1. Cα to Cα, under 24 Å, and not fewer than 8 places away if on the same chain: which lysines meet these conditions relative to Lys69?
2. Could you name the lysines in cross-link range of Lys189, using Cα to Cα under 25 Å and dropping any fewer than eight places away on the same chain?
3. Trypsin sites (Lys or Arg not before Pro), restricted to region 86-140: which are DSSP loop and have at most 12 other Cβ atoms within 10 Å?
4. Measuring with a 1.4 Å probe in the full set of protein chains, what accessible area per residue, in whole Å², belongs to region 71-180?
5. If each residue of separation counts as 0.36 nm, what is the full-extension length gain between Phe113 and Leu165 once their alpha-carbon separation is subtracted?
6. Consider a paramagnetic label point 7 Å from the Cα of Thr207 along Cα→Cβ; state which residues of region 129-144 have an amide N under 20 Å from it.
Amino acid sequence: MRQFFIVVFITFCTLCSSQDSIDSLIRVNRRINYYVNVQTNLLLQQFLNFNSNISNPNPYMFNVILTDKYSGNGLLMGTGLTASNNFSNDGIVEITDDRINLATRFGFEKKMFQWRKIIPLFGAELGFGYTEQRLKTKLIQTITNSETSSKTTKLFFGPALRGGLIYKITNELFIGTEFYFNLQLSINKTVIVTNNPQIPTQTQNRTSLPIDFGFQAPTALLLGYKF
């Protein structure tokens with residue numbers, strides 16, 4: 001019986017070793033590499049900007065890139081979701097501000113592997129998303145206690161040309177940044193409702209279709225892993 005367990009143990013170790021060798025062989029011979037990165041801006045702002053709010057025009061917090069390790073061609077998918085709720089009351093005015101931002105992108109990317117540590121990249125993508133802000137202002141030291149509520153929504157989409165740099169810390173771990181020139185079409189809608197006990201409720205509706213384009217500097221620092 002003892003010899004039986006020894007044989008089983010040796011067989012198990014041999015199988016595990018063989019499986020590790022097979023997995024290593026698959027990783028070496030695999031044509032596609034996966035790059036995953038996240039933005040570190042929010043973390044850095046806590047240390048470098050003393051908790052101040054700085055506008056970051058790059059809304060994509062998480063990205064996945066499938067790259068051919070021989071040609072450098074790849075597919076990019078990115079997304080970002082932020083939400084906030086702010087409330088203030090100075091004894092005169094009570095303000096509630098709720099916001100949500102969602103952005104997604106898909107595109108093509110080309111990495112250039114000519115250098116050992118630094119990898120330039122460029123590509124084209126299509127981005128789209130949705131933002132919403134609900135703002136409520138209430139006077140609390142007046143007879144009427146009037147209240148104004150507004151809801152602003154934005155639905156946007158458009159193409160962009162993108163570039164960037166990756167610096168390899170190790171063969172798997174890297175940091176990087178990106179910039180892009182984009183064209184954005186959007187549908188903006190604002191609804192304002194004013195409540196006052198002395199006069200009828202007033203509602204205002206505004207809709208606009210702006211077109212924005214411009215260069216976005218590399219304000220985002222990305223931390224990523226290749227596997």
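1. Candidates past the 8-residue exclusion: Lys110, Lys111, Lys117, Lys168, Lys226.
2. Candidates past the 8-residue exclusion: Lys136, Lys138, Lys151, Lys154.
3. Those satisfying the criteria are Arg116, Lys117.
4. 57
5. Extending this stretch completely gives an extra 17.6 nm.
6. The answer is 129-134.
The values are calculated or read from the model by the stated rules, or taken from the named source; none is laboratory data. None of the values given here were measured: they were computed from a predicted structure. Quick reminder, even Gly has a Cβ in these numbers, built from the backbone with ideal geometry, and neighbours come from all protein chains shown. For accessibility, only protein heavy atoms count, side chains too; no ligands or nucleic acids. Shrake-Rupley method; radii C 1.70, N 1.55, O 1.52, S 1.80 Å.
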